[in-house]
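Notes follow the structure.
The values are calculated or read from the model by the stated rules, or taken from the named source; none is laboratory data. Here the structure is a predicted model, which means the values were calculated and not measured. Methodologically, a virtual Cβ is constructed for each residue, glycine included, from the backbone with ideal geometry; neighbour enumeration extends over all protein chains shown.
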2 protein chains.
Amino acid sequence: MQGDDVLARLDKYINQTGIKLIEEIDTPAVVVDLDITEANIRRFQDYCDRNGLHLRPHIKTHKIPAIAFAQVKAGAVGINCQKVSEAEVMADAGIADILITYNILGAEKLARLRRLAERCTLSVTADNAHTVEGLADTMKDADRALRVLVECDTGAKRCGVQTPEAARDLAKIIAAAEGLSFHGLMTYPPAGHNTEADDWLARAKTLCEESGLACPVITSGGTPDMWRAENLSSVTEYRVGTYVYNDRSLIAKGVCTAAECALSVLATVVSRPTADHAVLDAGSKTLTSDLLGLEGFGLIPALPDATISALNEEHGYLDLSRSVAKPEVGDKVRIIPNHACVISNLFDRVHAVRGTEVLGTMDVSARGCSQ
Amino acid sequence: MQGDDVLARLDKYINQTGIKLIEEIDTPAVVVDLDITEANIRRFQDYCDRNGLHLRPHIKTHKIPAIAFAQVKAGAVGINCQKVSEAEVMADAGIADILITYNILGAEKLARLRRLAERCTLSVTADNAHTVEGLADTMKDADRALRVLVECDTGAKRCGVQTPEAARDLAKIIAAAEGLSFHGLMTYPPAGHNTEADDWLARAKTLCEESGLACPVITSGGTPDMWRAENLSSVTEYRVGTYVYNDRSLIAKGVCTAAECALSVLATVVSRPTADHAVLDAGSKTLTSDLLGLEGFGLIPALPDATISALNEEHGYLDLSRSVAKPEVGDKVRIIPNHACVISNLFDRVHAVRGTEVLGTMDVSARGCSQ
């Protein structure tokens, strides 16, 4: 597809505000540059296309249906959600292929999952027999089998079966269950160990196939290792979330540059209590306490030697002792946050811009979808 | 007032859900025990009444108008907000006396502040002349002067003028400004140094009075030191937020017991990848990354030897190596979070209970009010 199509799609969803300049936006606020967003989408889609990988973006980073559309229109096979409620928002918006990488448990979620499966191509993951039992009980008389992938712990110590043999055993339970179809293997690999994870999945796939079970999809992911995904031989699909916006943690890992960060937080200097300190109106309610191993709570490209040294809920403390520039009360600054995804869960809308042009706001429709 | 009146007030705002048992609530979810909430409100109101202090609760902890009403009805002189948008929600709900402890800057916020001042008794704080100038420009032709308090940094290194002399100087600017009236001094004192802050404020008050400026209100605050507020001689008003719910950080400081914590997070065990680990469906999108100096991301009273050792956005990792009890996939647990206030900013509604009785949900109407 052409970039113009993406543009047309995204701009359709923008609410006009009448604001013309970024400096006019009331703070604290989230600003998303759509030019950078689209370039990020295009760059990794091209990479996946070149390397024969299906791309399935995780919507947790943006939580905005229009951006999910742009990702699918650019060539993604579908999207990845973590929660049934997120998937509902995306299905409402017309996204056709959704993978929920979570053990879905409990009567209410399972009932919603069943209804969701009736209106999109839905896949889920499971790492235990109890979850599979609940899924099977829910889907047993459905018109269409629910696709279930086995979640594998390939070293990241999140969820997942612990061995390739356990993956095969759970695959057999899924394949035998009425209403379910075994659809493959899923992992979130440990950072820097994508190829070891690939080997693990290769062994599990062989074991499954020896039991007569095909693995149509082997899905791995992670933005930090995304530029090394071409080395994976078993993996058929790659999932990334943060790549769409990028953030300070990914700059630190060498995955992107500051110029490739699409999301920033606009904040105002509200106090200059001392010569070397400023206080911003962006605290942990805006930036979150996520450090991700970094020092300070964000990067201000215009004040490269200033450090956001601490946060309270509504205050960010800016250490200016090493900074030549000393912003005054009322000045606005743009912050590249440590972690973009968690910011999207704090704001009901973001301000869409292209460079210095302000387009309007976009609703973060899947914000707060916890269940 | 009688406890029954508070009860009547709160129950009026509850939305029926049909859920009867806490175990039926879909997870992750926030559960607020109204019996404990009301007892917390009553206990500190009684303390303030006994000690001749006005109580002005900060609504940041609950963000729920009905609970603000309960606080005012119990005897609070008004409420404290941090943002204009929070104050708008509370004024919409009929709260009559609101203090915004923030430097309000920028055309949009100032215009909203002006409208807000027309429909409630409003006070704000300022720590710099630029802020006072904006306030004066906004209020110069108003029917009623806006009350402005000088924010004082008494050692906490947040916002605030740095010396009692600077407080007096700013007070004079406020008093001389058309549309504003100097209303007193405000501080958020450093933890454990409430009495030093009180001395600081006494000196500033004397300086103001020597300049012919009365200080009707001297307001300090902080839940960690709230049981030592009777030692303050200058302070006329005390502001507390977290006391309404309490949390794990306050248990650690000896301010409350676990039984006095009104807010908990209900989570489900979604995976048991190994014998010593469980994964909960409450991650940083639910509990936040706030540690507040503690080890682990929350306390599970039913599993006192289990540690919530790490979080991803949608996963909480439970170390069961020292726990005799080993919850299974599908089991639900209640978590007392490290920091209650930040949880309230993540959920659009909470489930109100009284002990084991589920009453329904309450809307967190001021959630996400960042501006």
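In table form, for the structure just shown:
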| quantity | calculated |
| --- | --- |
| Positions within the range A:237-263 being part of a helix (DSSP H, G or I) and either buried (at least 24 other Cβ atoms within 10 Å of the Cβ) or not β-branched (Val, Ile, Thr) (or both), in sequence order | A:Thr242, A:Tyr243, A:Val244, A:Arg248, A:Ser249, A:Leu250, A:Ala252, A:Ala258, A:Ala259, A:Glu260 |
| Scope the range A:124-157; condition more than 21 Å from A:Ala107 (Cβ to Cβ), crowded, with 23+ Cβ neighbours inside 10 Å and not β-branched (Val, Ile, Thr); matching residues | A:Leu149, A:Glu151, A:Cys152, A:Asp153 |
| Pick from the range B:211-233, criterion in a helix (DSSP H, G or I) and touching a residue at least 40 places away in the same chain (Cβ under 8 Å), ranking: surrounded by the most Cβ atoms within 10 Å (Cβ to Cβ) | B:Met226 |
| Cβ-Cβ under 7 Å pairs, at least 6 apart or on other chains, the range A:153-171 side in contact (Cβ under 8 Å) with a residue 24 or more places away in the chain, far side hydroxyl-bearing (Ser, Thr, Tyr) and surrounded by fewer than 17 Cβ atoms within 10 Å (Cβ to Cβ) | A:Arg168/A:Ser211 |
| Filtered residue count, the range A:108-133, keeping only those that are more than 14 Å from every other protein chain (Cβ to nearest Cβ), in contact with a strand residue (DSSP E or B) (Cβ under 7 Å, 6 or more places away or on another chain) and not in a helix (DSSP H, G or I) | 4 |
| Among residues of the range B:317-327, those that are in a loop (DSSP other than H, G, I, E, B) and surrounded by fewer than 19 Cβ atoms within 10 Å (Cβ to Cβ), counted | 6 |
| Residue check, B:Lys253 within 29 Å of B:Val132 (Cβ to Cβ) and in contact (Cβ under 8 Å) with a residue 12 or more places away in the chain | no |
| Answer from B:Ile79, B:Ile36 - the residue that is β-branched (Val, Ile, Thr), modelled with pLDDT of 95 or more and more than 15 Å from B:Leu263 (Cα to Cα) | B:Ile79 |
| Criterion (touching a helix residue (DSSP H, G or I) at 6+ places or on another chain (Cβ under 6 Å) and hydroxyl-bearing (Ser, Thr, Tyr)) met by exactly one of A:Thr154, A:Thr125, A:Thr163 | A:Thr154 |
| Residue satisfying condition, being closer than 16 Å to B:Thr27 by Cα, away from chain A (no Cβ under 14 Å), of a type in the set (Gly, Ala, Ser) and in contact (Cβ under 8 Å) with a residue 40 or more places away in the chain, within set B:Gly330, B:Gly360 | B:Gly360 |
| Test for A:Ser289: is it assigned to a helix (DSSP H, G or I) and within 14 Å of chain B (Cβ to nearest Cβ) | no |
| For B:Pro190: the one exception among (1) surrounded by fewer than 22 Cβ atoms within 10 Å (Cβ to Cβ); (2) within 12 Å of another protein chain (Cβ to nearest Cβ) | (2) |
| In the range B:292-316, the residues that are outside any loop (DSSP other than H, G, I, E, B) and either within 11 Å of chain A (Cβ to nearest Cβ) or in contact with a helix residue (DSSP H, G or I) (Cβ under 9 Å, 6 or more places away or on another chain) (or both) | B:Leu299, B:Ile308, B:Ser309, B:Ala310, B:Leu311, B:Gly316 |
